[in-house]
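First comes the structure, then the notes that go with it.
The values are calculated or read from the model by the stated rules, or taken from the named source; none is laboratory data. Predicted model only: the values in this text are computed from it and were never measured. A quick note on method: Cβ atoms are made from the backbone with ideal geometry, for glycine too, and the neighbour counts reach across all protein chains shown. Please note that ligands, DNA and RNA were not included when accessible areas were found on the heavy atoms of the full protein model with its side chains. Shrake-Rupley method; radii C 1.70, N 1.55, O 1.52, S 1.80 Å.
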Amino acid sequence: MKRFFAIIESPFTRAVLIGIIVLSFQTTLFNTLRPFSVVMQVMLLCSAASGVAAGSESGAIAGFMFGFMYDMVLTSPFGLSALVFGFAGYMAGGVNTFAYSPRWWFKMLSIGISSAAAVLIYPAASLVVGVDGLLQTRVIGVAFTVGLFNAAFALPAVFLMRWALVKSKKQMLWAE
Amino acid sequence: MYSFTRRRLIVVLLLTSVLLLTLDGSKSGLVGGVKDAFGVVFRPVERFANVVSRPLSNVWRGVLDYSDMRKENLALKDLLVKQEGAAIAATASVREAQELLALNGLPTLAGIDSVTAQVVGQSPSNFTQTFELNRGKSSGIRVGMTVTNGAGLVGKITGVTLERSVVMLATDPEYAMSVKVGACTRPNTTTTAVPQTTTTLVSDGSTSLATNVLPTTTTTSTTSTTSTTTTVLQRATTTTIKGFTPFATTLPPVPGGGGVTQITVPETGVLLPRETGAMEGQGIDRLPVIRFIQTSTRLGELCEGVPVVTAGGSQSLAPADLVVGTVSRVVTRTGTSGPLLEVELAANLQSLNFVRVLLYQPATEIPQ
């Protein structure tokens, strides 16, 4: 029984559950709300927020996991979102460490920048794996909008991911 | 400074991604199986999320799209009135063409079974243009099958699970299809007056069918157990095509046509030549283009508005003569590259609801 609760309470389980719930809203609600004809990327938001909440490494793993789940519902090359979201989580965590004690606005900035960077990298990575035609000027607008939206919702996302990935303030799981 | 663990983590994640991409590229079926299994777990959660979030989606749509929707609705009503008559006349033409093809032993779209499916989801990505349908393998749908709607070509099936399938739209950059395009219509067509005759005999359950085959008129009588009203058009058919024998065709009534209907018949001597090219999607908000069309004296001048249909053939993704759209712009290019044609798709891909999946799997998509 103890072991069961340990599994239930583990960051991995929490992250998977959050991932499935967020993914379900990504494919329904956020698929409908398309400001400026851009789909808001809440899975990417969670990936970047993981990096800010629990550090680069945890962010990379959580981002990879969220991207992997996202790949399950996409027709794009399998593993591409995992790679890019993992990068976003890692980058958000890395940018956040530039500040000694990052303020709220810096966290928003980290998530916004890393999300925009991930959106820009995605079509470039697609090109590498042989999917042509995604690298267009429209990508810049999409990256800007996604970055802005993710920055706006950064703080609740960080709070959620901290609950999922960090057991206490001093103890970070999945760290070295 | 990177620690060993951090480096190792990055390398492991990178290698895992490469492994996944390789597995996906090898078409081993493992990835499809994993996706199917995930779908079984995920669908109920998604349905629940859909129910919960629908009011919010409706509010969003109501606030932002209401006025546009109202304008569009009025415009569509006008369009519908105009199209009703034309559609019936077109149906008659299509039936006539199918009869001709059948007489000559040529394949027609009418001989291909289809499944009607509803669009239940859209791709949540900003890059891929796909839709999800509520029918899958259990309805006979397979990868590669062509998807159409009432207007024309929509796309092709790229993924199938037991009860769901994914459609890649014709505007997706990965979509390519061989199509036929004709030159500009030449103005020398003749307008023929078509007299209409209606014969009805239903009192004793028998129907008299008057058939006019030029140059002589023949009347035949058949017995039917149902009460039927048959409208027969007497067509003045003149042709110079060798080996072509005019035959009687029963056409549906033209709306409001109590007297003489005007139809425009192209002269047989001006049947337009067609060239085959490759249509490729260009991504969101961009029209597909046709490449590899070579201008020639036989083809003549290319211009806007000419219809584009699928080319067909054993290696093609779709059967022949499926309506794709019309040429909206001709871009002349220098050298041997030939002109580039932008295509306005006949189907409105922004508002798809019900679509038809042709149960025609191209040879190139059948797993070996």
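In terms of its C-alpha gyration tensor, the range A:10-103 comes out prolate, because a/c is 1.5 or above and the ratio a/b outweighs b/c. The mean sequence separation of alpha-carbon pairs under 8 Å and at least six residues apart, normalised by the residue count of chain A, gives a relative contact order of 25 percent.
Given a cut-off of 29 Å, name the pairs among B:27/B:156; B:27/B:137; B:77/B:180 whose C-alpha atoms lie farther apart than that in the structure shown.
Among B:27/B:156; B:27/B:137; B:77/B:180, the Cα-Cα distance tops 29 Å for B:77/B:180.
Once backbone amide H atoms are built at 1.01 Å from N, residue B:120 has B:132, B:133, B:134 as its partners under 5 Å, excluding neighbours fewer than 5 places away on the same chain. For chain A, what does the alpha-carbon gyration tensor say about shape, rounded, prolate or oblate, given a ≥ b ≥ c as the root eigenvalues, a/c under 1.5 as rounded, and a/b over b/c as prolate? The shape class here is prolate.
Here each label is just a point 7 Å from Cα along the line to Cβ, and for residue B:137 and residue B:7 those points are 4.5 nm apart. Buried area at the B:A interface is about 4200 square angstrom, summed over both chains, from accessible surfaces computed with a 1.4 angstrom probe.
Figure legend: label point modelled 7 angstrom from the Cα of residue B:354 along Cα→Cβ; residues of the range B:130-155 with amide N under 11 Å from it are B:150. Would you mind classifying the range B:7-106 by shape? Square roots of the alpha carbon gyration tensor eigenvalues, ordered a ≥ b ≥ c; an a/c under 1.5 is rounded, otherwise it is prolate if a/b is larger than b/c and oblate if not. Note, shape of the range B:7-106 comes out oblate.
For every helix of n ≥ 4 consecutive DSSP H residues, a contribution of -39,500 (n - 2.57) applies; sum these over chain A, divide by its total residues, and give [θ] at 222 nm rounded to the nearest 500 deg cm²/dmol.
Result for chain A, helices only: -24000 deg cm²/dmol.
Listed values for the range B:164-172 are Karplus-derived 3J(HN,Hα) couplings in whole Hz (6.51 cos²θ - 1.76 cosθ + 1.60, θ = phi - 60°), namely 10, 8, 10, 10, 8, 6, 5, 8, 5, and x replaces Gly and Pro.
Could you check how much of the accessible area of the range B:140-186 is carbon and sulfur, as a whole percent, using a 1.4 Å probe?
For the range B:140-186, the apolar C and S fraction of the accessible surface comes to 53 percent.
Here is what passes the span test in chain A: the DSSP H helices with alpha carbon length of 30 Å or more along the helix axis and a Kyte-Doolittle mean of -0.5 or above are A:104-128. In this structure the amide hydrogen of residue B:154, modeled in the peptide plane, comes within under 5 Å of the amide hydrogens of B:147, B:148, B:149, none closer than 5 places in sequence on its chain. Out of residues 5 or more away from residue B:129 or on other chains, whose amide H comes under 5 Å of its own, with H placed 1.01 Å from N in the peptide plane? Placed amide hydrogens put B:169 under 5 Å from residue B:129. In the context of the full set of protein chains, residues of the range B:1-144 present 66 Å² of accessible surface per residue (probe radius 1.4 Å, heavy atoms only).
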